[in-house]
Amino acid sequence: MSEHVTLLPVDSADVTILVDNSLDILMPSDEVAHRAPLHYNWSEREQLIAEHGYSLLLTVQREGRSESVLYDAGLGRNTVLHNMDVLEVQANDLRAVILSHGHADHHGGLEGIFQRIGRRKMPLVLHPDVWHERRVVFPTGNEISMPPPSHADLDREGVAIIEERGPSLLLDGTVLVTGQVERVTGFEKGFPLRHAQRLTGIDKIHAFVGGLHLTGGIFEPIIPPTIAELAAIGPAIIVPGHCTGWKATHEIARSLPGAYVQTSVGTRLHFG
């Protein structure tokens, strides 16, 4: 592309894993990964919940201001809200919500989030194809439905829906939503790795946090070339999450031991 998207620099960024497939309350914190705090009466307190879903809270600090966006909302209607309450994260602090794609394990908690926020015309940035009905057909013949979010329900909650195929800038130009991703390699079936580099013109990827869709018989054959590409990109930190799968996660940990960070619900990743 001839022109690059220009992002404003931030003083720091924090990514809180609100919903993911795994939870380990005994993992120690380190300089980057700040694990959810333990309490003396931990067995009597409300506990964090893991599920087959994904949700992240991104908070950026710039010039003394702190602002947040929510990236996906998990599967269960109340899971993300429950975990936010346990972590004492305030939904009213959100400036926008981003939906990565229209599968139920990424949008199931939207209605609960918007009911908590109230009718504030909260921006919801999504691709226009998220409304399509989808299903997954396994080699065994089993099928599962992947229903889209309800446009009517979101309208009733007073959400400001922003349908966008291209890139979008949020939080006064400090956060980029890449939009529809080009497929540029033979092994990537829809989740390419270098789109953000092409948009911004910045080669260095400091951290990758998210799911790689490498689990199950359909995607496991592309684990080796995907990890080889990750190694070539060379992020300083990689936190593979939801739908990456145990085989790919183990291979990433072996191939990139210095960069690998184990995911866990409630973890806050600090980049500053």
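Distance distribution P(r), the range 213-272, all Cα-Cα pairs, bin width 5 angstrom from 0: 4, 18, 29, 24, 15, 7, 2, 0 percent. Whole-Hz Karplus values for the range 104-121 come out as 4, 6, 10, 10, x, x, 4, 4, x, 4, 6, 5, 5, 5, x, 7, 10, 6 Hz, taken residue by residue from phi with 6.51 cos²θ - 1.76 cosθ + 1.60 and θ = phi - 60°; glycine and proline positions read x.
Annotation: extensible slack from Arg116 through Glu3 equals 36.7 nm (criterion: 0.36 nm per residue apart, minus Cα-Cα distance).
Using θ = phi - 60° in the Karplus curve 6.51 cos²θ - 1.76 cosθ + 1.60, the 3J(HN,Hα) couplings for the range 47-59 round to 9, 5, 10, 9, 7, 7, x, 8, 7, 10, 10, 9, 10 Hz; x is entered for Gly and Pro.
Under 12 Å from the Cβ of Thr178, count the other residues' Cβ atoms, weight Lys and Arg +1, Asp and Glu -1, and hand me the total.
So the surrounding residues net to +1.
Near Pro240, once Lys and Arg are set to +1 and Asp and Glu to -1 for all other residues with Cβ below 15 Å from its Cβ, the sum equals -3.
Take the Cα gyration tensor of the chain, multiply each eigenvalue by 5, square-root it, and list the three semi-axes largest first, rounded to whole angstrom.
Rounded to whole Å, the semi-axes are 25, 23, 22.
Computed over the range 115-272, the range of Cα coordinates on each principal axis works out to 48, 47, 33 Å, biggest value leading.
Spin-label model, His34 to Asp93: label points 7 Å out along the Cα-to-beta-carbon direction sit 1.0 nm apart. Placing unit charges on the Cβ atoms only, positive for Lys and Arg and negative for Asp and Glu, gives the chain a dipole magnitude near 220 debye about its Cα centre.
For the range 88-98, the Karplus equation 6.51 cos²θ - 1.76 cosθ + 1.60, evaluated at θ = phi - 60°, returns couplings of 6, 9, 8, 5, 5, 7, 6, 9, 6, 10, 10 Hz by residue, with Gly and Pro reported as x. In this label model, Met27 and Met146 are separated by 2.5 nm, measuring between points 7 Å along each Cα→Cβ vector.
Summary value for the chain: 24 percent relative contact order, contacts being C-alpha pairs under 8 angstrom separated by 6+ residues.
Once backbone amide H atoms are built at 1.01 Å from N, Val5 has Thr200 as its partners under 5 Å, excluding neighbours fewer than 5 places away on the same chain.
A cut-off of 5 Å between modelled amide H atoms, ignoring neighbours fewer than 5 places along the same chain, links Ile238 with Phe208, Tyr260, Val261.
Bridge orientation summary for the range 12-271: considering DSSP beta bridges with both residues in this region, about 65 percent are antiparallel. Amide H contacts of Val175: Leu170, each under 5 Å away and 5 or more positions distant or on a separate chain (H built 1.01 Å from N in the peptide plane; Pro and chain starts excluded).
Laboratory data are not the source of any read-out in this text; all were calculated from the coordinates shown. As the structure is a prediction and not an experimental result, all values here were calculated from the model. Heads up, the Cβs are rebuilt from the backbone with ideal geometry, glycines too, and the neighbour counts pull from every protein chain shown.
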